[in-house]
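Computed from the coordinates by the stated procedures, all read-outs in this text should not be read as laboratory data. Not measured: the values here are computed from a predicted model. Virtual Cβ from ideal backbone geometry, glycine too; neighbours counted across all protein chains shown.
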């Protein structure tokens, strides 16, 4: 596996490249132009500037997360073709700095949903929390205010695209899950040929959480959905970002089984642990298996057994030791997560060597 670390860019992240460089085994940055709105072309000069920053510390830019998909594409509006053309141009521009994987999602309106950005755990740390009853009862605009007041740009919750939130909800009254699948396939048929030309894998991220939120359709939610998605095309650029935390929020999802079944189509892996409560609430925890409900040890074993050579990163971490940071993306717990993943991997390597002797 190839270890990476998500970085939000200069002047937009509490974590510096100097800090990331000190985490053992991290070879690349997971990056994006977060100041660019969905649907905009990413200017080549701005992409090259990120490469200049990464080169200073010896990091590659193989993984982009994310070039956001404009809402008109998801809705299937007539205007989608212009936004798809812009997406193609952005693919070409990130290819110019060596990008190999583009992680993206097709979630309507919200890229992810949480009700508390700093819910306290028993040990005094805080983490992202999802409260089912609150989502079922609250006005989405109230949640928007809460998320966007975090002090950082929040991917998927950009103020400019949320200004039209009421119009977006109205538009989705005409789009059910099946229509969303149709719109997704249209998008893929347009962009996959360009991705192939540039030797880039387009790797969709599962829905977070993996069920409908605010009556909006969600489609990448379980093994059956992954199977349907991957059947859309046999292009080598048609791939999956396997997020253990997103799919793992539903205890019925067998994450190690999904990895073993689709391992040759997984281009990028997020490893995150969540603790699921009986009422459907969940909170993000450390990467240690016993701290949550997701079998992190078996997940890493599945990657090891299938000889996974793709990119991986520790996903959301807790907020530790009074660190002031972007919600879910501090330095300390994600660095601990890197070392936990390496520890598991190294242990499985040792067992493999001993068995071969």
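Values computed for the structure shown
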item	result
Label-point separation in nm, residue 21 to residue 223, each point 7 Å along Cα→Cβ	4.5 nm
Extension gain from residue 122 to residue 164, taking 0.36 nm per residue of separation minus the Cα-Cα distance	11.3 nm
Segment residue 14-residue 279, extension gain: residue separation times 0.36 nm, minus the distance between their alpha carbons	92.0 nm
Fully extended contour minus Cα-Cα distance, from residue 260 to residue 215, at 0.36 nm per residue	13.0 nm
Approximate spin-label separation residue 190-residue 52, in nm, with each point projected 7 Å along Cα-to-Cβ	3.3 nm
Ratio Rg/Rh, restricted to region 26-76 and using Cα atoms, in which Rh is the Kirkwood radius	1.06
Equivalent ellipsoid semi-axes - Cα gyration tensor, region 314-357, angstrom	32, 8, 5
Distance histogram for the chain (every C-alpha pair counted, 20 angstrom bins, percent rounded to whole numbers)	30, 63, 7, 0
DSSP-defined antiparallel bridges as percent of all bridges, the chain, nearest 5	30 percent
FRET E, pair residue 79, residue 290, Förster distance 51 Å, beta-carbon r, rounded to 0.05	0.55
GNM result for the chain, Cα springs below 10 Å: residue of 66, 79, 237 fluctuating most strongly	79
Region 2-356, relative contact order in percent, only Cα pairs under 8 angstrom and at least six apart counted	17 percent
Nitroxide proxy distance, nm - points 7 Å out along Cα→Cβ at residue 182 and residue 141	3.1 nm
Gyration tensor over alpha-carbon atoms, region 279-329, equivalent ellipsoid semi-axes in Å	24, 16, 9
